[in-house]
1. At a 1.4 Å probe, what is the % contribution of carbon and sulfur to the accessible area of the stretch 88-180?
2. Of GLN44, VAL113, PHE183, which is farthest along the charge dipole of the chain in the positive direction, counting Lys and Arg as +1 and Asp and Glu as -1 at C-beta?
3. Cα to Cα, under 22 Å, and not fewer than 8 places away if on the same chain: which lysines meet these conditions relative to LYS99?
4. What lysines does LYS144 reach when the alpha-carbon gap must be under 23 Å and sequence neighbours fewer than 8 apart in one chain are set aside?
5. Could you tell me the relative contact order of the chain? Use alpha-carbon pairs under 8 Å, at least six residues apart, and round to a whole percent.
6. Search the structure for amide H atoms under 5 Å from the amide H of TYR7, placed 1.01 Å from N in the peptide plane, and list their residues when 5 or more places away or on another chain.
7. Report the gain in length on full extension from VAL140 to ARG66: 0.36 nm times residue separation, minus Cα-Cα distance, nm rounded to one decimal.
8. From the phi angles alone, apply the Karplus equation (6.51, -1.76, 1.60; θ = phi - 60°) to the stretch 75-89 and give each ³J(HN,Hα) in whole Hz, x where the residue is Gly or Pro.
Amino acid sequence: MATIPLYNSDGKQIGELPLPDAIFGVEFNESLVHQAIVTEEANQRLGTAQTKERGDVRGGGRKPFRQKGTGRARQGTIRAPHWRKGGTVFGPHPHSFRKAFPVKMRRKALRCVLSAKVRGNAVIGLDALTFEQPKTKQTVALLKALGLSNTRRVLIVIPEYDVTALKSTRNLPTVELRYAPNFSVRDAMTAHKIVLLQGAVEKIAAAWTPSATSEEEVAA
């Protein structure tokens, strides 16, 4: 069973936090993780870009000049694409970029990423997150105590929704706060350091521990 150092809010190591091998001891599957991240980013796209075709542009209902006798090429409307202020050819229109991704595959990708982070010593444990008031300086002090002040991206995973913790971390661009087990593959993959609370590990283990049947369905 893998273990990570367990710290208190003062930055002192008070022991080690055991991690279940079923989640934090999985072999990395690059293809699966790549597919999961591509799906997440595609599902965040709005797909609201819109351009006007010749039938959508206002005006142009009258033929600009007669068909013959002018010496010019025949024209039917001034809203044709080759005219100034005319319609757009093959422009974007609103559509969905959503991709389907099975839940079992997503959970397997999360287990792969978390296991890789543990092997890379990028995960530490925290016994509790005790913020008395919603103040950003409390998070800054915590990061300093844990030696993470200069870390480019820190992911803090807490066991349940905490409005005080949310307000204390949301103004820091280098910190992401997530609630176990509701964080994505991209959240874990892009984090340079992950801080797991003890209660969050228990929730993750309860939600993501695979059964023998599901492990066979998602091939490594």
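1. Using a 1.4 Å probe with all protein chains present, the stretch 88-180 comes out at 52 percent carbon and sulfur.
2. Among GLN44, VAL113, PHE183, the one farthest towards the positive end of the dipole of the chain is GLN44.
3. Filter leaves LYS108.
4. Reachable lysines: LYS12, LYS117, LYS135, LYS167, LYS193.
5. The normalised contact order for the chain reaches 24 percent.
6. ILE14, GLY125, LEU126, ASP127
7. Gain in length upon complete extension: 19.2 nm.
8. With coefficients 6.51, -1.76 and 1.60, one gets 9, x, 7, 7, 9, 5, x, 7, 8, 4, 6, x, x, 9, 8 Hz.
The values are calculated or read from the model by the stated rules, or taken from the named source; none is laboratory data. Predicted, not measured: the structure shown is a model, and the values here were computed from it. Cβ: placed from backbone, ideal geometry, glycine included. Neighbour counts: every protein chain shown. Just the protein is used for accessible areas: all its heavy atoms, side chains included, with ligands, DNA and RNA removed. Shrake-Rupley method; radii C 1.70, N 1.55, O 1.52, S 1.80 Å.
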